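J.: Dropping a structure here in structure tokens format, bear with me for questions.
The values are calculated or read from the model by the stated rules, or taken from the named source; none is laboratory data. Just so we're clear, the structure is a prediction, and the values are computed from it rather than from any experiment. Here the Cβ positions follow ideal geometry from the backbone for every residue, glycine too, while neighbour counts run over all protein chains shown. Note: accessible area is taken over every heavy atom of the protein model, side chains too, but ligands, DNA and RNA are not part of it. Shrake-Rupley method; radii C 1.70, N 1.55, O 1.52, S 1.80 Å.
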Amino acid sequence: MFERLARFVVHNPWKVIGVWVLATIAIVAFAPTLNDVVNRDQTQFLPSKYESVQALELAEQAFGTGADSSATVVLKRAGGGTLTEADQAKAGQLAQQLQDADIERVTTVVTGPQAISPNGQVMLVNVGLEGIGDDPKLLDAVKQIRDIVRPTIEGSGLQYAVTGDVAMFVDSQGAFDSALVIVGISTIVLIIGLLLLMFRSPVAALLPVVTVGLVSVIAPGLIAWCARAFNFQVDPSLQIIMTIVLYGVGTDYIVFLLFRYRERLRAGDDPRQALVTALTRIGEVIASAAAAIVIAFSALLLAVFAGFRSFGPGLVISVALMAFAVMTLVPAIVSLLGTKVFWPSKSWQRTPRGTMFQRFGRFTAGRPALVALASGGVMVALALGMLGFKTDYDQSAQLPGGTESARGLEDLQSGFPAGALSPTTVLIRSDDGSQLDRDEVAAFADRLQQVEGVGGVMPAGPDGAVLFSQDGAVAKIDLLLESGPYTNAALDLAGDELRGFADANAPPGTTALVGGLSSAFADIRDANTRDLWVIFPVAGVLIAVVLGLLLRSVVAPLYLMAAVVLGFFSTMGATVIAFIGIGDAAGVGFALPMLVYLFVVAIGTDYNILMIARLREEAQAGNDPRTSADLAIEHAGPSIGAAGLILAGTFASLLLAGVAFLMEMGFAVSLGILLSAFVMSMFLVPSVTALLGHKAWWPGHGDEPTGQDPVPAEREPAPVTS
């Protein structure tokens with residue numbers, strides 16, 4: 001099949017390019033954009049079985065909004081000291097101005113004597129916002145709030161800061177945008193720079209950039225069409241993740257193809273025949289690697305947390321499109337260019353001698369047991385770091401220093417419990433729809449303050465601690481936890497002890513539900529844990545099936561997947577050591593394991609597939625297992641190393657972002673890619689395959705000689721020693 005495809009593409013390049021041009025024009029002209037189908041409704045991130053979602057739905061029914069987020073204006077005297085009556089009057093004036101401004105997404109504005117800290121030094125103006133997350137309308141609302149606060153407070157002797165969950169998004173947005181610019185520039189520079197170094201050709205260096213750029217233009221429209229046709233969700237951050245994935249897999253596949261094409265040219269093939277042979281051999285590898293990634297990303301559809309699930313369809317479409325482009329568009333362009341793809345270099349005409357990868361191959365073939373023990377030992381040692389694994393949901397810890405929201409949080413904690421940043425809401429509903437007994441609800445609110453970890457009550461309305469719905473059947477109590485709303489302590493309290501206490505002590509004939517951000521993140525944490533336990537094993541089994549079909553073997557897929565699992569734990573273990581053990585962080589970002597799965601496990605599997613396919617080819621050429629390992633490392637090693645360096649370098653640039661989570665992500669993914677490329681694929685897989693010999697291909701006969709030599713021997717492999 002791949003040979004027929006190769007011959008058609010190589011001998012009909014203009015037809016192939018013409019189809020791509022027409023398809024690009026049609027999609028760009030007529031397809032919707034991703035922004036047309038993006039779903040920013042954060043309430044749909046969890047199903048309704050979770051208590052935080054039920055609380056949100058009840059709040060919306062009873063009060064017209066769930067008030068899921070808040071913007072808290074923190075006021076204190078510039079030189080410190082107790083707030084005066086004039087200061088309190090100024091806070092009241094500010095609250096009225098904010099309420100009268102009719103800002104979209106602002107639901108309530110509350111302040112008053114009850115919003116003054118016990119030490120009298122801090123006063124809050126709490127602004128309720130409809131929705132959570134990075135919805136642009138919420139971000140705009142915070143910006144408008146700040147625009148009103150600034151002129152109102154300036155000159156009054158008060159120090160102000162607008163903080164809260166959405167304000168953190170606003171203040172972090174600049175840092176994240178800068179980080180993405182850094183990643184984008186560094187990606188292009190690394191791809192062009194490293195490929196120039198490897199091929200000494202600007203044409204070969206620009207080919208991946210141009211191809212990925214074209215696919216990046218087509219993919220969003222195609223995803224948007226499919227989203228409308230099949231009604232799947234599209235997350236706002238899909239565009240960013242998709243671009244990174246496309247550069248990762250696209251560069252990998254193009255590098256694999258160019259290295260194999262150059263290899264055939266050096267073997268003496270005619271340029272067109274060299275390209276046909278290269279695409280025939282590498283096409284199966286690219287298709288299998290893409291299939292493995294597609295399966296890994298498809299497994300995200302099993303996630304309960306929609307923030308992860310929504311990535312699946314879009315990434316599947318992107319990877320499949322990229323693989324198809326590399327097997328059709330790229331060889332069509334190379335067919336027209338011929339050897340000019342390596343212009344002006346002439347290095348494609350000669351095989352280098354004494355390269356680093358030749359030495360790696362000789363050493364591995366000579367001492368496979370030692371290499372397997374050493375490479376496996378390094379990964380096991382790093383994986384032990386997972387014994388100290390902890391997750392951190394604290395969004396305030398991600399803030400760059402010196403931001404307004406960080407300053408506001410510091411000021412707030414000088415007078416209030418940290419939970420005042422985002423109150424935890426307890427809703428009480430009458431089971432039969434009758435009016436609640438207000439005295440019983442007030443007593444219930446007093447009891448809630450006795451729960452360990454609850455620091456007090458935030459006034460929910462002008463009448464005190466409890467806000468009642470218009471029909472009196474629902475009441476709302478805003479609790480201030482002693483811990484910040486995203487900390488593990490707050491999540492444990494809101495998601496467990498507080499729920500249990502509220503359920504057991506609710507007035508007779510009523511139901512109590514705990515909502516708010518701490519409760520929502522507690523449920524997200526539970527969903528995330530469940531998703532990791534479901535997605536990883538399912539994806540692992542399905543990828544092993546792809547490997548089994550590719551290799552016609554049971555044994556090889558087993559140790560390949562064992563290596564991939566070890567690679568995941570090694571990557572996470574090293575990250576835990578770096579950030580928790582050495583850096584003394586409270587934990588790593590909760591989304592990090594899933595991102596490592598996306599970029600290290602899925603994409604890193606490419607390297608394993610390329611190496612094991614080359615090991616099989618060398619065995620089919622009649623080489624013994626150790627010689628096969630020697631030659632496979634020599635010929636597949638350079639392309640694996642090049643792809644690994646480019647992808648790792650891209651993510652390493654995130655270490656310059658200045659945002660804690662992006663730094664964690666940059667460290668983890670870049671290290672994971674390097675481990676996958678240079679430890680697992682380069683040494684562990686070839687050495688284990690050499691040790692197992694014919695057993696690696698059981699029960700099939702994938703290593704039986706076929707009479708086809710992957711490349712004429714330019715050198716005799718070194719004699720191996722036991």
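J.: Taking just the alpha carbons, could you work out the radius of gyration and Dmax for region 505-643, both in angstroms?
T.: Spelled out, the Cα radius of gyration and Dmax of region 505-643 are 21.9, 81 Å.
J.: Follow-up question, since we're still on this one. Enter the Cα centre distance for the pair region 94-110 and region 310-326, rounded to the nearest angstrom.
T.: A separation of 44 Å, based on Cα centres.
J.: Between 0 and 90 degrees, rounded to the nearest ten: what's the tilt of helix 356-366 against the longest Cα principal axis of the chain?
T.: 80 degrees
J.: Work out the length of the dipole vector of the chain about its Cα centre, built from +1 on the beta-carbon of each Lys and Arg and -1 on the beta-carbon of each Asp and Glu, and round it to the nearest 20 debye. Please report the intermediate quantities before stating the final value.
T.: Details: 44 positive and 63 negative charges, 839 e Å.
Rounded to the nearest 20 debye, it is 4020 debye.
J.: In the chain, which longest range has no trypsin sites (Lys or Arg not before Pro) that are both DSSP loop (not H, G, I, E or B) and surrounded by at most 10 other Cβ atoms within 10 Å?
T.: Values: sites that count: Lys49, Lys346, Arg350, Arg353.
Longest gap between qualifying sites, sites excluded: 354-722.
J.: Using +1 at the Cβ of each Lys and Arg and -1 at the Cβ of each Asp and Glu in the chain, identify which of Ala86, Thr529, Gln144 lies farthest towards the dipole's positive end.
T.: So the residue we want is Thr529.
J.: Continuing with the same structure: List, in order, the whole-Hz ³J(HN,Hα) value for each residue of region 532-539 obtained from phi through the Karplus relation with A = 6.51, B = -1.76, C = 1.60 and θ = phi - 60°; use x for Gly and Pro.
T.: 4, 6, 8, 5, 4, x, 5, 4
J.: Could I ask something else about it? Taking the Cα centre of each part, how many Å lie between region 119-155 and region 477-535?
T.: What the calculation gives is 25 Å, centre to centre.
J.: Something else about it: If you roll a 1.4 angstrom probe over the protein chains with everything in place, what fraction of the accessible area of the chain belongs to carbon and sulfur, to the nearest %? Spell out each step's value before the answer.
T.: Details: 16580 of 27800 Å².
Carbon with sulfur: 60 percent of the solvent-accessible area.
J.: At a Förster radius of 60 Å, what calculated FRET efficiency corresponds to the Cβ-Cβ distance of Thr355 and Leu301, to the nearest 0.05?
T.: 0.90
J.: Also: Quick one, can you get me the convex hull of the C-alpha atoms of region 614-664 expressed as volume per residue in Å³?
T.: 78 Å³
J.: Now for a separate question. Return, for the Cα atoms of region 294-372, the radius of gyration and Dmax in Å, separated by a comma.
T.: Reported Rg and Dmax, both Å: 21.2, 54.
J.: Where the centroid of each part is defined by its Cα atoms, how far is region 410-424 from region 236-306 in Å?
T.: Here the two parts' Cα centres lie 50 Å apart.
J.: I'd like the orientation of helix 165-199 relative to the chain: the angle between its Cα long axis and the longest Cα principal axis, in ° from 0 to 90, rounded to 10.
T.: Long axis of 165-199 versus the principal axis of the chain: about 10 degrees.
J.: Does anyone have the angle between helix 85-100 and the longest principal axis of the chain? Alpha-carbon axes, 0 to 90°, nearest 10?
T.: That helix lies at roughly 60 degrees to the long axis.
J.: Given the chain, report the % of alpha carbon pairs whose separation exceeds 49 Å.
T.: Working: 69449 of 260281 pairs.
Taking all Cα-Cα pairs of the chain, the fraction more than 49 Å apart is 27 percent.
J.: Something else now. Using the charge dipole of the chain (Lys, Arg: +1 at Cβ; Asp, Glu: -1 at Cβ; taken about the Cα centre), state which of Ile17, Leu655, Ala383 has its Cα farthest towards the positive end.
T.: Working it through, the farthest residue towards the positive pole turns out to be Ile17.
J.: Write down the accessible area per residue of the chain in Å², having rolled a 1.4 Å probe over the full set of protein chains. List each step's numbers first, then the result.
T.: Values: 27800 Å² over 722 residues.
Accessible surface, normalised per residue, equals 38 Å².
J.: In 10 Å bins starting at zero, report the fraction of Cα pairs in region 147-246 per bin as a rounded %.
T.: Going from the shortest bin to the longest, the percentages are 12, 26, 24, 18, 12, 7, 1.
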